Amino acid sequence: AQSVTQLDSQVPVFEEAPVELRCNYSSSVSVYLFWYVQYPNQGLQLLLKYLSGSTLVKGINGFEAEFNKSQTSFHLRKPSVHISDTAEYFCAVTSSNDYKLSFGAGTTVTVRA
Amino acid sequence: DAGVIQSPRHEVTEMGQEVTLRCKPISGHDYLFWYRQTMMRGLELLIYFNNNVPIDDSGMPEDRFSAKMPNASFSTLKIQPSEPRDSAVYFCASSNGFNQPQHFGDGTRLSIL
């Protein structure tokens, strides 16, 4: 079975600064990777996905992530954050032999003016 | 397009009562998932269906929990009898294929007194 580790539980950042959220996974087979965002009192919304192909994936709201197979990582980045990016972010992984989506513990991003 | 619809959004009831949570997946999606989210345990997969058939219910915590999907557009998660430790946010999600992104509803916030 696969697993996900999000290395930072909380990330404070100033408005217009860049942010990187770290995600590492473990799996012995081919993986499919996702980043979700959860705003207060809402469900999870898909930011971006890696299924195959280019290792640099662009998503909504200016986010991007890079799949690094050798480092088993899928870090999320945004060059300039807004106050509205304050939310919890979840990295998730599934694999070619498992229907289940395994979620990380989440990273809370707080953007300050 | 309508997303995943869950009802009710909030439920407060007393210990021992039966609780029924409802979910309408996105039309055309053939996978449906029920999750529970708590501060202590994060996001946990309870059960998932494929083409209305339960595939894996290993995440259902106890026999007090049951889930059904009588047709492609409706699913229920039932807790009977409910206990205070069942208090959590319950999410329903659906997807249109194996390893495709899951689309989440806004959740039901359940409080058992």
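Of all residues in region B:1-59, those being within 11 Å of the chain's Cα centre (by Cα) and among the acidic types (Asp, Glu) number 1. Just one of B:Ser94, B:Ser27 is surrounded by 14 or more Cβ atoms within 10 Å (Cβ to Cβ), among the hydroxyl-bearing types (Ser, Thr, Tyr) and in contact (Cβ under 8 Å) with a residue 24 or more places away in the chain; which is it? Result: B:Ser94 is the single residue among B:Ser94, B:Ser27 that is surrounded by 14 or more Cβ atoms within 10 Å (Cβ to Cβ), among the hydroxyl-bearing types (Ser, Thr, Tyr) and in contact (Cβ under 8 Å) with a residue 24 or more places away in the chain. Annotation: of all residues in region A:87-112 being outside any strand (DSSP E or B) and farther than 18 Å from A:Gly43 by Cβ, the one that is nearest to the other protein chains (Cβ to nearest Cβ) is A:Ser96.
Looking only at strands (runs of 3 or more DSSP E) that fall completely inside region A:25-76, which ones have 1 or more residues that are away from chain B (no Cβ under 12 Å) and surrounded by fewer than 13 Cβ atoms within 10 Å (Cβ to Cβ)?
Numbers: elements: A:31-38, A:44-50, A:56-58, A:64-68.
Counting at least 1 such residues, we get A:56-58, A:64-68.
Taken together, the values in this text are just the output of simple stated rules run on the coordinates, not laboratory data. Quantities reported herein were computed from a predicted structural model and do not represent experimental measurements. Virtual Cβ from ideal backbone geometry, glycine too; neighbours counted across all protein chains shown.
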